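K.L.:
This structure is in structure tokens; I'll ask about it shortly.
The values are calculated or read from the model by the stated rules, or taken from the named source; none is laboratory data. From a predicted model like this one, the values you see are computed outputs, not experimental measurements. Reconstructed Cβ throughout: ideal geometry from the backbone, glycine too, with neighbour counts over all protein chains shown. Accessible surface areas use protein heavy atoms only, side chains included; no ligands, DNA or RNA. Shrake-Rupley method; radii C 1.70, N 1.55, O 1.52, S 1.80 Å.
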Amino acid sequence: MSKEKSRGYTLNIPENKEFYITILDSINTGVWAVDKNENVIFFNSAMERISGLKKSQAIGSNLMTDIPGHTINVEAQFRNLYLNVKKLLETTSYGPIPIIAPKGDLSYQSGVLIPQFDENGQYDGMICTVVDTTKRKQAEKALHGSELRLIRAQKIAHMGDWEYDIEADRYVGSDEVYRIFDIDPATELSYKLLREMIHSDDRDNADRHTKSLIESGMGEPFEHRIVRSDGSIRHIYSQGEVAFDSTGKVVKLFGIMLDITERKRVEDELLKKNRNLSILYSTASITTEYNNIDDILSYALTDLLDYQGSKAGGIYLIDKESDEIVLHAHKGIPDEILEKVRRVPLTEPNVVAAMTSKDVFIKEPGRSEEIINLEKKYGIEKVITIKLQARDKVIGFVNVTLSAEYEMLEEDALVLESVGKQVGIVIENLRLFNETEKSYEELKSLDKMKDEFLSNVSHELKTPLVSIGGYSEVLNAGALGALNEGQKKAAYAIVRNANRLERLINSILYLSIEESGKMIYTLKPLQIADVIEHSVLDMLPQIKKNNLTIKKQVSDNLSLIKGDEKKLMQVISNLIDNAIKFAPSGDMIISAHEDDDKLHIAVSDTGIGIPQEETNNLFKRFYQADASATRKYGGTGLGLYISKLIVDAHNGEIWAESEKGVGTTIHMTLPK
């Protein structure tokens, strides 16, 4: 309780005291009075409101014995205060005192105890003025609570507030300012003290912001670093405003400061990750966009130098033919050094050491004394080497120059190793691709030569074959004289094998023309029954030789189709030849009928057959049902393959149905 002491005075009530009592009764300040025996003689209306007691309850009651105490834990203290004032006879103020009213409401009261004297100067009673300070107390509590919350919030957010009186050169900061700067709370703050703690590299910038704030009255937020007494560095965000006096002069600065060290740490980590991802992404992009080795190495080197903040470097690849490492990409290397390092033998001790090192990233690669002296001459202080690896095999190196004070972080080393491996794999794959492409072109050239050879040979074979076949038929017909049975059989064999050889040559010629893209189909309306009939006649000698019975089941009046007659005859002949080959005896059925908008042709035999799951292979180039070295069935494996090509060219379909030991049916459909 605070006390404001003064001597009491004599209460002289005028004759018209009712007038003054009315005035005292109407004011908002509570007033009560007791005589020298502590009996209540006055209790105004404001006291009724403040205390919750009625006048009728209070007047005439004894202050010490009759009026119940409602103070919280301070009743004895108030009684002692009252008795002390009565003893000292000095005016004394008190409060605020917590009071619980009869209804249970809590309030706070403050007041003044004023001793009263009679005309002889003797103590004659006490007057007390009472003020209800509940709302003020609540406001103070709320303010205190807000201050506590603000302090907690500032502590959590690492944010402090400050105020600087320019004229008085007095700096006041919140608790968090002390924590941010790590200063003893007992230390008196000053602008000079805090300025000296700003990082030397940031101090001028801070001065410029302060000057701008004072001169313009407007301040921009800015960031700076401070150095604590233990040497640790904190990153601070600051923003200030100004206060003016009546003349418009800036007299105070105030604002906030925020410790953003953790935020900066996270930002730096994100920047590093973004930087790492950026070079990895860039390297991946380069390796997919370009297919020239030197282009890839040139762009990759630029990215690596940017990543390391370097101005010079080079990329070498191992040349096995010359047993050297050869410089394929370089940037910023002085010409005098360049001439010495374009090609370096693999036997050079420094290269051998790098090749045999287990580390992908080499911090201090060896160089010859001559090169080291040249590097010093041109201000090159430090060189690092990164291996280019592909499948655990070293294919080259990257050299990057750095400043002497540069310290490689482990994270950066891992990224560079990853880039080195990525580039190495791409270069190796590109080399393999180039070699494969070269081999492919060589194979294409050989294939073309093969086709030309086959075409030429086929033509050369066909010319004498026509003569052989023609003369054989003349002999067989007896035009040059009668033949005995043995001579007839020999002539017949010549005709049969000449026809067979002609079909083989036609197949080879067909493939040669087809692969050259020069095959021409002459499509015109034709009757498929005629094609079947002509094909059977051509193959009749072989059919008779194998004692096969041929049955034709061809519907009458089949619709005409558009097709190339000679090539469709080649298909039917191939199907008949296939049936003859795998059916030494038995029946062969050739059928043709209309099936919706198509003609369906089939050739069936009662030969050896094959498993149904292998039927798709029949139409592959050079496929043999019996591919063993001792196979008993002849053929080149081209007949059904060529047949499929011809049917496809007619927009038709061809397929096989077969059962081992039962026989095979080859179906084909052709559009009408």
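K.L.:
How high is the FRET efficiency from N651 to N434, r the C-beta distance, R0 45 Å, rounded to 0.05?
P.N.:
0.65
K.L.:
Can I ask one more? Considering only the other residues whose Cβ falls under 13 Å of the Cβ of R343, what net charge follows from Lys and Arg at +1 and Asp and Glu at -1?
P.N.:
Cβ neighbours under 13 Å give a net charge of -4.
K.L.:
Residues with beta-carbon under 12 Å from that of I318, excluding I318: net charge, scoring Lys, Arg +1 and Asp, Glu -1?
P.N.:
Details: positive: K320, R343, K387, K393, R431; negative: D319, E321, D323, E324, E428.
Charge balance near I318 sits at 0.
K.L.:
Moving on. Expressed in nm to one decimal, what extension gain is obtained for the pair H593 and F622 from 0.36 nm per residue of sequence separation less their Cα-Cα distance?
P.N.:
7.4 nm
K.L.:
Would you please give the FRET efficiency between A139 and H199, computed as 1/(1 + (r/R0)^6) with r the Cβ-Cβ distance and R0 = 56 Å, to the nearest 0.05?
P.N.:
Taking R0 as 56 Å, the efficiency between A139 and H199 is 0.85.
K.L.:
Also, quick follow-up: Under 22 Å Cα-Cα from K444, which lysines qualify once same-chain neighbours fewer than 8 residues away are excluded?
P.N.:
Straight-line reach from K444, under 22 Å: K518, K620.
K.L.:
Applying the Karplus parametrisation 6.51 cos²θ - 1.76 cosθ + 1.60 with θ = phi - 60° to the phi angles of the stretch 180-196, what ³J(HN,Hα) value in whole Hz is obtained for each residue in order, glycine and proline being reported as x?
P.N.:
Running phi through 6.51 cos²θ - 1.76 cosθ + 1.60 with θ = phi - 60° gives 4, 7, 6, 10, 4, x, 7, 6, 7, 6, 8, 4, 4, 4, 5, 5, 5 Hz.
K.L.:
Rounded to a whole number, what % of the accessible area of the stretch 530-672 do carbon and sulfur atoms account for, probe 1.4 Å?
P.N.:
The computed percentage sits at 47.
K.L.:
Continuing with this model, one more query. Between K340 and S357, how many nm apart are label points set 7 Å from Cα along the C-beta direction?
P.N.:
About 1.9 nm separates the two model spin labels.
K.L.:
Quick one: grab the alpha carbon gyration tensor of the stretch 535-609, order the square roots of its eigenvalues as a ≥ b ≥ c, and give me rounded if a/c is under 1.5, else prolate or oblate depending on whether a/b is larger than b/c.
P.N.:
Numbers: a/c = 2.21, a/b = 1.70, b/c = 1.31.
Cα axes put the stretch 535-609 in the prolate bin.
K.L.:
Also, I was wondering about something else. So between E188 and S285, what do we pick up on full extension, going 0.36 nm a residue minus the alpha carbon distance?
P.N.:
29.0 nm
K.L.:
With a Förster radius of 30 Å, plug the Cβ-Cβ distance of I425 and S322 into 1/(1 + (r/R0)^6) and report the FRET value to the nearest 0.05.
P.N.:
Using R0 = 30 Å, I get an efficiency of 0.80.
K.L.:
Using the structure shown, select from K489/K544; K340/K377; K448/K567; K36/K86; K489/K567; K55/K86 the pairs with a Cα to Cα distance greater than 19 angstrom.
P.N.:
Check vs 19 Å cut-off fails for K448/K567; K489/K567; K55/K86.
K.L.:
Can you sort L526, L645 by solvent-accessible area, 1.4 Å probe, largest first?
P.N.:
Details: L526 15, L645 45 Å².
Largest to smallest exposure gives the sequence L645, L526.
K.L.:
Run the simple label-point estimate for D161 and E485 please: 7 Å along Cα→C-beta, distance reported in nm.
P.N.:
13.3
K.L.:
Next question. Using the crude model of +1 on Lys and Arg Cβ and -1 on Asp and Glu Cβ, and no other charge, please compute the dipole size for the stretch 156-271 relative to its Cα centre, in debye to 20.
P.N.:
Numbers: 15 positive and 26 negative charges, 31 e Å.
The calculated dipole for the stretch 156-271 is roughly 140 debye.
K.L.:
Let me ask something else about it. Can you sort L416, L271 by 1.4 Å-probe accessible area, starting with the largest?
P.N.:
Putting L416, L271 in descending order of accessible area: L271, L416.
K.L.:
Hey, another quick one. For the pair D268/E407, report the inter-label distance in nm, with labels modelled 7 Å from Cα in the Cβ direction.
P.N.:
A separation of 1.2 nm, rounded to one decimal place.
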